[in-house]
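So the structure is just underneath, and the comments pick up after that.
Values in this text are rule-based calculations from the coordinates and carry no lab data. Values in this document were obtained by computation on a predicted structure and should not be read as measured data. Glycine gets a Cβ as well: all are built from the backbone with ideal geometry, and neighbour counts include every protein chain shown.
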Amino acid sequence: MYRSLFPRDVFAEMDRLQREMQQAFDLSPTIRGFARNGFPALNVGGTPKTIEIYAFAPGVDPGSLEVQLERGLLSVAGERKSSLPAPDTKAAVHINERFEGRFRRVITLPEDADPEQVEARLSDGVLRITVQRRASAQPRRIEIH
């Protein structure tokens with residue numbers, strides 16, 4: 001694919017606009033299905049005892065992150081600041097594909113998620129959220145007498 005570094009390239013500008021329009025219409029993921037092109041990118045999976053969510057957010061200040069769980073909806077919100085030169089400098093930016101600004105992703109958790117047992121840790125730009133499943137929902141063996 002041909003890509004010019006200069007903003008006068010009509011085809012590059014059309015490509016950028018198409019990507020922005022596509023991102024505007026993408027939906028947030030649930031545990032059962034995912035939309036593409038959201039920030040931060042998410043991996044969601046689980047074990048019999050936990051639900052594991054990984055949010056890939058390099059360059060995000062840990063103080064700007066907010067994780068909430070309410071009525072079965074887990075939300076991850078925050079802000080990634082721009083690393084570009086200030087607009088008043090004479091530096092030119094030809095391509096900027098890195099997301100910057102406020103973001104929010106919302107995930108619907110299954111009914112067996114325990115809202116009292118949620119842990120979140122940020123390491124190397126990866127936010128790992130572990131939600132325990134309720135003990136009452138765990139499979140158990142029933143003794144036959």
>> With the crude spin-label approximation of a point 7 Å out along Cα→Cβ, what separation in nm comes out for Leu84 versus Tyr54?
In response: 3.0 nm
> What does the highest-first list of 67-77, 12-22 look like by mean Cβ count within 10 Å?
Replying inline: 67-77, 12-22
>> Using Cα-Cα distances under 8 Å and only pairs 6 or more residues apart, what relative contact order does the range 43-128 have, in percent?
In response: 35 percent
>> Given a Förster distance of 35 Å, report the FRET efficiency between Leu17 and Asn43 from their Cβ-Cβ distance, rounded to the nearest 0.05.
In response: 0.75
> Shape of the range 32-145 from its Cα gyration tensor (a ≥ b ≥ c, root eigenvalues): rounded if a/c is under 1.5, otherwise prolate when a/b > b/c, or oblate?
Replying inline: prolate
> Given a Förster distance of 30 angstrom, what is the FRET efficiency for Ser64 paired with His94, based on the Cβ-Cβ distance and rounded to 0.05?
Replying inline: 0.60
> Taking the Cβ of Gly101 as the center, what net charge do the other residues with Cβ under 14 Å away carry, scoring Lys and Arg +1 and Asp and Glu -1?
Replying inline: +1
